[in-house]
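Derivation of every value follows stated rules applied to the coordinates shown; laboratory data play no part. Just so you know, these numbers come straight off a predicted model, no measurement behind them. Using ideal geometry, Cβ is built from the backbone for each residue, glycine included, and neighbour counts are taken over all protein chains shown.
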């Protein structure tokens, strides 16, 4: 009597009847983000990719760093990569769960980014903003090519946040500055009248009369007082807080949209405070004192913004939202 043996064929990839180790891609897909980064091979590959991107976009990176250093409107750009890194760390669990593989269609945005960078870097089409978007597209394409669409979903927001470090075109800044000047002037004038200060408005100039000496001083709301720096910083802050504080899309959008009115309100308060200070010393409305007051008001502005976050969480708790 013979024993029946299974007729099912051995797997094609079996060697000498033994199963080989799992493919490297599967092993990598099961490793945590920290393990992947500490792996010498992955660290070397990542370093070479970063060095290659830095070399290709070196001119733009140098110009952006210089512009952010000398222009206070964009000084926050140095913090954007740090915040983006924190967002990546926050999304590490989703990234680790996602299957990772080489996705060849990712070559399309990668090659397109190089073409766009060359297009915006040479000739009459030289455009700093376009070059920055090309860098962002290059990072997207590289991540999509090497990690695949599933992992890209976890990386999308951290990479997209890097866009807040790209300086807007000068034409856009000029068009935005004048309306902000008028909002600051009219809002500051209304607040001054509400608190009993005798003030008149002529265009973007607030005429403040000292009740004791009857001397009138002019406070001009120039481009530097338009609040552009506060608006840009708070929009970037609103996006960061929205991405960090909640996982719900409607809350994130709400926090992002609320950043603009909070910034405008703070700038109106700043103009009103400077107007009151001119009653004692007109020099306090200009120079270093002017800058210091604007910087100090960022603290209550941030606290006000966090109060909005607290109110949203109280109204609709995160646990209930996630459960639904």
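Odds and ends about this structure:
- The stretch 130-243 - Rg over Rh from alpha carbon coordinates, Kirkwood radius: 1.24
- Each peptide in 184-193, 198-207 was scored by the mean count of other Cβ atoms within 10 Å over its residues; highest first, the order is 184-193, 198-207.
- For the stretch 24-165, relative contact order (Cα pairs under 8 Å, six or more residues apart, normalised by length) works out to 29 percent.
- A protection proxy built from the mean count of other Cβ atoms within 10 Å ranks the segments 156-162, 263-269, most packed first, as 263-269, 156-162.
- Interatomic Cα distance distribution for the stretch 51-154, bins of 10 angstrom, percent: 14, 37, 34, 13, 1
- The label point for residue 171 and the one for residue 108, both projected 7 Å from the Cα toward the Cβ, are 2.9 nm apart.
- Computed extension gain for residue 101 through residue 306, at 0.36 nm per residue and net of the alpha carbon distance, reaches 69.9 nm.
- Packing rank of 142-151, 90-99, where each peptide gets the mean count of other beta carbons within 10 Å, highest leading: 142-151, 90-99
- FRET efficiency, 1/(1 + (r/R0)^6) with R0 45 Å, evaluated for residue 249 and residue 54 via beta carbons: 0.85
- For the pair the stretch 233-273 / the stretch 126-182, the C-alpha centres are spaced 19 Å from each other.
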